[in-house]
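The values are calculated or read from the model by the stated rules, or taken from the named source; none is laboratory data. Computed from a predicted model, the values in this text were never measured in an experiment. Reconstructed Cβ throughout: ideal geometry from the backbone, glycine too, with neighbour counts over all protein chains shown. Calculation scope for accessible area: heavy atoms of the full protein, side chains included, ligands and nucleic acids excluded. Shrake-Rupley method; radii C 1.70, N 1.55, O 1.52, S 1.80 Å.
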Amino acid sequence: MDSAIICPAALGRCSRTSGGMSQYRLYLHHELRYPESVVEEAFAWSKKFYGLKEEDRASAAHPPGSMIYRGYSKLGHEVVQAIEGEKFEGVPDITESYGIGSDENPEQPNVWVEESVLPGFRDFALNFHAECWKASEIILRALALGLGLPSEDSLLKFHSDIENELSYRHYPPISEEKVRNGEVDRLGAHTDFDSFTLLFQDSLGGLTVKHPRTGKWIGAPPIEGAVVMNIGDALERWSNDYLTSTLHRVHLPPLEDSYDMEGKQRMTKPRFSIPYFVTPKGDTVLERLDIPVASGKEQKYKTIDYSELCRQKSEGVFQN
Ligand SMILES: O=C(O)CCC(=O)C(=O)O
Ligand SMILES: [Fe+2]
């Protein structure tokens, strides 16, 4: 069974190679059964979307509201919440994103660009979203077994394909110096508040992760054929910190050839990433689950439902 294969592999890799860090590498084709070219195609669509005229992108603008995760957020629209010592108030994140989900979710309606502007995008995006869900079902089953929950469906039951968001993210070129001296961020340090995120990234790098024990920021460089999986706040709460939510950010890429010169300034090359946020249903209760790794320990977080967590974490993020 898929989940029985992936589970020890995924959890084992985490604790063995990263000293307890809640970040995994999953291999797209053989572990997650992705059709080979679908991820490349997703990046090609993203490049087409960000190659459109600004007014065409703006025709699919993110609607007002702090708990809406669909539509196009232009530069400056989204600013990660400040975290003491990590992400400073008032530092802009130089990134833009286009969130899409299932067309069957009335609470989070999709905002599409006109078919004539980007013919074929909608069909592709819905199909890719569905592929991501298929992979996520395998992971949710595997995680349930790995955590010692009573059945493979113990986590899957809190999810469905309609809650999840696929976000086409773009980081335009930015001066290395400005990032280095803290004037701007690319994407400030944050944890995702979902169950977990499948994070597809291009070949340039820049994603860094804070090691929960050493406190050091370490690179999470792209690996061909693999996707990064970051644990989010919901799993952290269910597992009572056995799986910790990954603190991550997008900073400067480590490789020389990830930059271009503009006069005397070193500028980052444009970067693309596509996170798929696996999101519990809004009324899902987030409390310590009855699992061996968490039993006997006091519950660390107050019990709340997922929509309340979203409310807390989304406050002030979108500059409507
Ligand atoms: O672009 C990346 O690699 C990270 C994106 C991310 O962390 C997010 O959208 O939550
Ligand atoms: Fe994130």
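Quick notes
- Note on region 27-170: dipole from Cβ charges, positive end direction compared against Phe124, Gly51, Tyr98; the farthest Cα belongs to Gly51.
- Contact order normalised by residue count of region 197-320, Cα under 8 Å, 6+ apart, percent: 27
- Student exercise, the chain dipole from Lys, Arg, Asp, Glu Cβ charges, in Debye to nearest 20: 960
- Per DSSP, loop GluC sites (Glu not before Pro) in region 54-100 with at most 15 further Cβ within 10 Å: Glu84, Glu86, Glu89
- Centre separation in Å (Cα based) which lies between region 128-202 and region 241-307: 7
- The chain: angle of helix 2-18 to the longest principal axis, Cα-based, in degrees nearest 10: 70
- Surface composition of region 108-223: carbon and sulfur atoms hold 52% of the protein heavy-atom accessible area at a 1.4 Å probe.
- Amide H within-cut-off set for Asn240, under 5 Å, with H built and near neighbours excluded: Leu289
- What the chain shows is 46 Å² of accessible area per residue, with the surface traced by a 1.4 Å probe over protein heavy atoms.
- Within the chain, longest stretch clear of exposed trypsin sites (Lys or Arg not before Pro) (DSSP loop, no more than 16 other Cβ within 10 Å): 75-156
- Legend: residue pairs Lys87/Lys210; Lys53/Lys269; Lys47/Lys178, Cα-Cα distance threshold 23 Å; pairs beyond threshold, Lys47/Lys178.
- Once C-alpha pairs closer than 8 Å and six or more residues apart are averaged by separation and normalised to the residue number of the chain, the relative contact order reads 23 percent.
- Prolate/oblate/rounded call for region 64-133, Cα gyration tensor, a/c under 1.5 rounded: prolate
- Close amide-amide hydrogen proximity is noted between Tyr259 and Lys269, each under 5 Å apart and 5 or more residues distant or on a separate chain (H modeled in the peptide plane; Pro and chain starts excluded).
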